[in-house]
């Protein structure tokens, strides 16, 4: 087992959050999972951070990315505690809770990079009062409110529902000094952007194929982004490349909110369809998505969503490792098929998909040490 930040065990820990169902003590018109919530939070944090920069404030994006991941790990270990319980025990019993989180992390991810583990512990023991942590916390509550608004009408008669609404509002109000939060509260254009991203929670991947768990386009995107961040830690990528790689991974499938997730066999077997879809996606992004972003963000965002798997090094944008990002995209898809089959889903489509993606990873995934990762998955007891 390699002592790497990117390893099979941490990927399974993160992936397993797709089995954590949020608001499961309420009536839910749609399934809401922890993986999707964390992905939505990461996207909202980007908007808030960019808004802070536009207001003339500096943001350490490496901290935003890593602390978002650390909070994700903490939540994955502590499973589906009610938010009130989670926040109370982490506030009043932080020492024992942190010890438990680290002991579980060591048990579940025994091959983790020691420096990564050390920073995780440092994060857990910190007061989390930096501006970057406030951005993440604001994003957390805004993503929670987005979910709450979905379920509220179905739960109006439940005792305590209005108190929950007021508690979420109170937490958001504590972050109204952040420019991005102010924009959301008046339902500005970035509010609509975040709403659009949230709709990727409703798009299931592997259409017409039974799977456990049924991951979404949004959850998949976060897994790709987190994989790439962990890979960048192993390779010592620069701060700028870390930013470019992570947010390209997070937003690479955003055009699918307008076109839906067209399954790979159709894309590859219908002659000329891939090129038509790419052109159509560009047109939709220009007409429907770009107007929701501040003008000074659009050039950077275009580089993230147009041809996201190309290696680039552009003045003002910096470098991006698109080749290895594509390998991470394949690895996230492989996990969806591989884990479903390990859970007992006997589907020829999944079997064929697993074999096909595995071949691609063996052929083109050397940059992320895909062969070793695949062998570690094969040995894993799921």
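If you filter the stretch 258-267 down to residues that are surrounded by fewer than 17 Cβ atoms within 10 Å (Cβ to Cβ) and not in a helix (DSSP H, G or I), you find that the one that is modelled with the lowest pLDDT is 263. Checking the structure you have, find out if any residue of the stretch 61-71 is free of Cβ contacts under 8 Å to residues at least 60 places away in the same chain, more than 23 Å from residue 183 (Cα to Cα) and in a helix (DSSP H, G or I). Taking every residue of the stretch 61-71 in turn, at least one turns out to be free of Cβ contacts under 8 Å to residues at least 60 places away in the same chain, more than 23 Å from residue 183 (Cα to Cα) and in a helix (DSSP H, G or I). With the structure loaded, tell me whether residue 367 is touching a strand residue (DSSP E or B) at 6+ places or on another chain (Cβ under 9 Å), surrounded by fewer than 22 Cβ atoms within 10 Å (Cβ to Cβ) and either closer than 17 Å to residue 14 by Cβ or in contact (Cβ under 8 Å) with a residue 12 or more places away in the chain (or both) or whether it fails that test. So residue 367 does not fit the description; no.
Evaluate the stretch 30-44: report whether one residue or more is surrounded by fewer than 16 Cβ atoms within 10 Å (Cβ to Cβ), out of contact with any strand residue (DSSP E or B) (no Cβ under 8 Å at 6 or more places or on another chain) and closer than 21 Å to residue 204 by Cβ.
Just the residues of the stretch 30-44 that are surrounded by fewer than 16 Cβ atoms within 10 Å (Cβ to Cβ), to begin with: 30.
If we keep only those that are out of contact with any strand residue (DSSP E or B) (no Cβ under 8 Å at 6 or more places or on another chain) too, we end up with 30.
Of the ones still in play, those that are also closer than 21 Å to residue 204 by Cβ are 30.
Looking for residues that are surrounded by fewer than 16 Cβ atoms within 10 Å (Cβ to Cβ), out of contact with any strand residue (DSSP E or B) (no Cβ under 8 Å at 6 or more places or on another chain) and closer than 21 Å to residue 204 by Cβ, one finds at least one in the stretch 30-44, hence yes.
Does residue 47 qualify as being under 30 Å from residue 376 (Cβ atoms) and either at pLDDT 95 or above or buried (at least 17 other Cβ atoms within 10 Å of the Cβ) (or both)? Talk me through it step by step, then tell me what you get.
Working: under 30 Å from residue 376 (Cβ atoms): no; either at pLDDT 95 or above or buried (at least 17 other Cβ atoms within 10 Å of the Cβ) (or both): yes.
No: the conditions fail for residue 47.
Apart from one condition, residue 275 fits all of (1) assigned to a helix (DSSP H, G or I); (2) under 23 Å from residue 193 (Cβ atoms); (3) at pLDDT below 95; the exception is (2).
Before we move on, is residue 214 surrounded by fewer than 18 Cβ atoms within 10 Å (Cβ to Cβ), touching a residue at least 12 places away in the same chain (Cβ under 8 Å), within 30 Å of residue 354 (Cβ to Cβ) and touching a helix residue (DSSP H, G or I) at 6+ places or on another chain (Cβ under 9 Å)?
Details: surrounded by fewer than 18 Cβ atoms within 10 Å (Cβ to Cβ): yes; touching a residue at least 12 places away in the same chain (Cβ under 8 Å): yes; within 30 Å of residue 354 (Cβ to Cβ): yes; touching a helix residue (DSSP H, G or I) at 6+ places or on another chain (Cβ under 9 Å): yes.
Here the answer is yes, as residue 214 does meet what is asked.
Taking the stretch 300-325, which residues are out of contact with any strand residue (DSSP E or B) (no Cβ under 6 Å at 6 or more places or on another chain) and not in a helix (DSSP H, G or I)? Hits for the stretch 300-325 are 306, 307, 308, 309, 310, 311, 314, 315, 316, 317, 318, 321. Restricting the stretch 107-132 to residues that are in a loop (DSSP other than H, G, I, E, B) and within 23 Å of residue 381 (Cα to Cα), the residue that is modelled with the lowest pLDDT is 111. If you check residue 77 against the conditions, is it farther than 23 Å from residue 175 by Cα and surrounded by fewer than 23 Cβ atoms within 10 Å (Cβ to Cβ)? Yes, satisfied. Among the criteria (1) under 20 Å from residue 7 (Cα atoms); (2) loosely packed, with under 12 Cβ neighbours inside 10 Å, the one residue 116 does not fulfil is (2). Residues of the stretch 83-106 that are modelled with pLDDT under 95 and either touching a strand residue (DSSP E or B) at 6+ places or on another chain (Cβ under 7 Å) or exposed (fewer than 13 other Cβ atoms within 10 Å of the Cβ) (or both): 84, 85, 88, 91, 92, 93, 95, 96.
Only residues that are assigned to a helix (DSSP H, G or I), over 23 Å from the mean Cα position of the chain (by Cα), over 16 Å from residue 378 (Cβ atoms) and free of Cβ contacts under 8 Å to residues at least 40 places away in the same chain were counted in the stretch 326-358, giving 3. When we screen 325, 331, 373, 293 for residues that are at pLDDT 95 or above and within 30 Å of residue 188 (Cα to Cα), the only hit is 293.
Within the stretch 232-241, being surrounded by fewer than 24 Cβ atoms within 10 Å (Cβ to Cβ) and assigned to a helix (DSSP H, G or I) holds for 233, 234, 235, 239, 240, 241.
Do we have residue 44 as assigned to a helix (DSSP H, G or I) and under 26 Å from residue 107 (Cα atoms) here?
Values: assigned to a helix (DSSP H, G or I): yes; under 26 Å from residue 107 (Cα atoms): no.
For residue 44, the condition - assigned to a helix (DSSP H, G or I) and under 26 Å from residue 107 (Cα atoms) - is not met.
Of the residues making up the stretch 248-257, those that are within 11 Å of the chain's Cα centre (by Cα) and either buried (at least 24 other Cβ atoms within 10 Å of the Cβ) or within 19 Å of residue 34 (Cβ to Cβ) (or both) are 249, 250.
The values are calculated or read from the model by the stated rules, or taken from the named source; none is laboratory data. It should be emphasised that the depicted structure is a prediction, and the values quoted were computed from it without experimental measurement. As a convention, Cβ positions derive from the backbone with ideal geometry for all residues, glycine included, and neighbour counts pool all protein chains shown.
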